[in-house]
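Here the structure is laid out as structure tokens; the discussion comes afterwards.
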Amino acid sequence: MPVVGIIGVGLIGRAWANVFARAGCEVKIYDVNKQTREAALELIRASLFELVEFGLVSDAAAAAEKISVYDTLEDAVAGVDLVQESGPERIDAKIEIYKALDAAAAANTILASSSSAIVASRFSEGLAGRERCLIAHPVNPPHVVPIVELCGAPWTSPEVISRAREIYDSVGQVAVEVKKEIDGFILNRMQAVLLSEAFRLVGEGYCSAEDLDKTIAHGLGLRWAFMGPFETIELNAPGGIRDFCERYGPTLYNLSAEEVREETWSGENIQRIIDSWRHNPSAEEISEKSLWRDERLAALVAHKRQAKTFNVN
């Protein structure tokens, strides 16, 4: 198994440590904040034990033993095959971190960023080893949601993308390749469209925020938990995707032709959403529900792993 260095052990970095350690990788972690660094190991250990009951971790104690804390970035990336950087989501921070990583890591070490918004070309252009830099964007929380979007800069080596994909697949993640740089990558762009339409529909009074959530949770979300939009429409017409598009394409075009307007995300419309939602949870309640969400996601992932993939051959 690969040796992995985790740079930045906030929420996302700790989740990545969970992913790699439970797969049997040696994991070396570092954070510039001493308090965060010292607290990380126990938090990761607790997250490993939480997943045992869902069958996502077989031996939490053994997995935790795979993780070591280092006091310098240089020590944390020495001898690793992959660096998973999960530092601040700021371009100035990324530039400084990647200068340090490029100088410290061996020439064949892959340098991957968890960034959800900053494309790799913005922080890797001036680096001597820029061809080994890429985005490996997870979805929060990565230790129970397996997708990871791989997106290189124009100069990222195809061999680096291929090796990265092998590593993420080998530890139980589901790697997908974004073939050229685009802001937001794939998942966040899809999410942005759905959220904008949700804000428009509720803000313009077509339904309540609670009923819109029910529509996704008990409708689209159930189908999309097992198949994506193309596979979904393939099953919604006897002749597959082309048949679906011939039958419903004009209707769907008309429904989606209206552009998202700035007012959709205005303070006034946001207040309409909040008024419609009616809930006002405290920070503690949000934290408790986040843990509940993670448990439910873990149970769903465990179920999907056990389910047979349909094969027409």
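Under 22 Å from PRO141 (Cα atoms) and free of Cβ contacts under 8 Å to residues at least 12 places away in the same chain - does that describe any residue in region 242-263?
no
For (1) closer than 13 Å to SER276 by Cα; (2) touching a helix residue (DSSP H, G or I) at 6+ places or on another chain (Cβ under 7 Å); (3) in a strand (DSSP E or B); (4) touching a residue at least 60 places away in the same chain (Cβ under 8 Å), each residue gets a yes or a no:
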site: ASP183; (1), (2), (3), (4): no, no, no, yes
site: ARG200; (1), (2), (3), (4): yes, yes, no, yes
site: CYS207; (1), (2), (3), (4): yes, yes, no, no
site: GLY219; (1), (2), (3), (4): no, no, no, no
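Against the condition surrounded by fewer than 18 Cβ atoms within 10 Å (Cβ to Cβ) and closer than 20 Å to PRO2 by Cβ, how does SER68 come out, does it pass?
Taking the combined requirement at face value, the residue satisfies it.
Which pairs have Cβ atoms under 8 Å, sit 6 or more apart or on different chains, and link a residue in region 67-80 that is touching a residue at least 24 places away in the same chain (Cβ under 8 Å) to one that is of a type in the set (S, T, N, Q)?
Note: pairs meeting the criteria are VAL77/THR109; VAL80/THR109.
Regarding region 78-95, can at least one residue be identified that is closer than 30 Å to ARG305 by Cα, under 20 Å from the mean Cα position of the chain (by Cα) and of a type in the set (D, E, K, R)?
Scanning region 78-95 turns up at least one residue that is closer than 30 Å to ARG305 by Cα, under 20 Å from the mean Cα position of the chain (by Cα) and of a type in the set (D, E, K, R).
ALA63 - would you say it is buried (at least 24 other Cβ atoms within 10 Å of the Cβ), in a helix (DSSP H, G or I) and without any contact (Cβ under 8 Å) to a residue 60 or more places away in the chain?
yes
Within the set of pairs 6+ apart or on separate chains, which have a first residue in region 140-151 that is assigned to a strand (DSSP E or B) and crowded, with 21+ Cβ neighbours inside 10 Å, a second that is modelled with pLDDT of 95 or more and among the small types (Gly, Ala, Ser), and C-beta atoms under 7 Å apart?
Correct list of pairs: VAL148/ALA136; VAL148/ALA175; LEU150/ALA136; LEU150/ALA164; LEU150/ALA175; CYS151/ALA120.
May I ask you to list the residues in region 255-274 that are loosely packed, with under 10 Cβ neighbours inside 10 Å and in a helix (DSSP H, G or I)?
Matches in region 255-274: GLU262, GLY267, GLU268.
The values are calculated or read from the model by the stated rules, or taken from the named source; none is laboratory data. The shown structure was predicted, so the numbers you read here are calculated from the model rather than taken from an experiment. Note: ideal-geometry Cβ built from the backbone for every residue, glycine included; neighbour counts use all protein chains shown.
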